[in-house]
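Input: a single structure, listed below in structure tokens.
The values are calculated or read from the model by the stated rules, or taken from the named source; none is laboratory data. All values reported here derive from a predicted model rather than from experimental measurement. Ideal geometry is used to build each Cβ from the backbone, glycine not excepted, and the neighbour counts take in all protein chains shown. With ligands, DNA and RNA removed, areas are computed over all heavy atoms of the protein, side chains included. Shrake-Rupley method; radii C 1.70, N 1.55, O 1.52, S 1.80 Å.
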Amino acid sequence: MLAAAPPPVAGAAALFGAAGTAALLGWVALALTLAAPPVRRWGWRVTGVALPGVLAVAYVAALATAIRGGAVGGFGSIAEVRALFANDWALTGGWVHYLAFDLMVGTWIARTGVEAGVPRLLLVPCLVLTFLAGPAGLLLYLVLRAPGALRRAGSGRAGSGRAVAPREAVA
């Protein structure tokens, strides 16, 4: 029989919920950048820099709280990671880490895809997968951007085939 999990720490649960809501609003804003070109510059700054930056602050605070609270574990083995994430603050920090990076990667996908002339309808599945399964969405986008992939897909728009460095993600 599985042991019942301890009740969540109220502050960690509140941060978990607030970060999730903020990230979801960021993804809605990112979707708007595909549909409404006039908001792209502002939208990409919010979703690619400002909101991930706020989430990064929340991540550092959650991790510091976990360490101050006596969290045990580490990153050297699956057992150490499991022990670390038994602490609600460390678990919340880990979740916020995902939220921040996935949104930043999603913004990079949207921006570089638009700049390369990738049809928006092809970017949507990449962004949905990035939202739901991070690296799977990135992989789909990288495959889509492979030299000649769009031409082979029959879109007639091959894009530049040039990889754009992450530092170019937001002007």
*Listed residues Thr33, Thr47; which is touching a Leu at 6+ places or on another chain (Cβ under 7 Å), under 21 Å from Pro119 (Cβ atoms) and polar (S, T, N, Q)?*
Thr47
*asked:* Taking the criterion of being surrounded by fewer than 17 Cβ atoms within 10 Å (Cβ to Cβ), more than 16 Å from the chain's Cα centre (by Cα) and farther than 19 Å from Leu24 by Cβ, would at least one residue in region 102-115 satisfy it?
replied: yes
_Restricting to region 36-52, and then to whatever is without any contact (Cβ under 8 Å) to a residue 24 or more places away in the chain and in a helix (DSSP H, G or I), can you tell me which residue is least open to solvent (accessible area, probe 1.4 Å)?_
Gly43
_Criterion: under 29 Å from Arg111 (Cα atoms), at pLDDT 95 or above and in a helix (DSSP H, G or I) - qualifying residue of Leu99, Leu91_ = Leu99
*Being assigned to a helix (DSSP H, G or I), in contact with a Lys or Arg (Cβ under 9 Å, 6 or more places away or on another chain) and open to solvent by less than 70 Å² (accessible area, probe 1.4 Å) is the filter; apply it to region 146-171 and report the residue that is modelled with the lowest pLDDT.*
Glu168
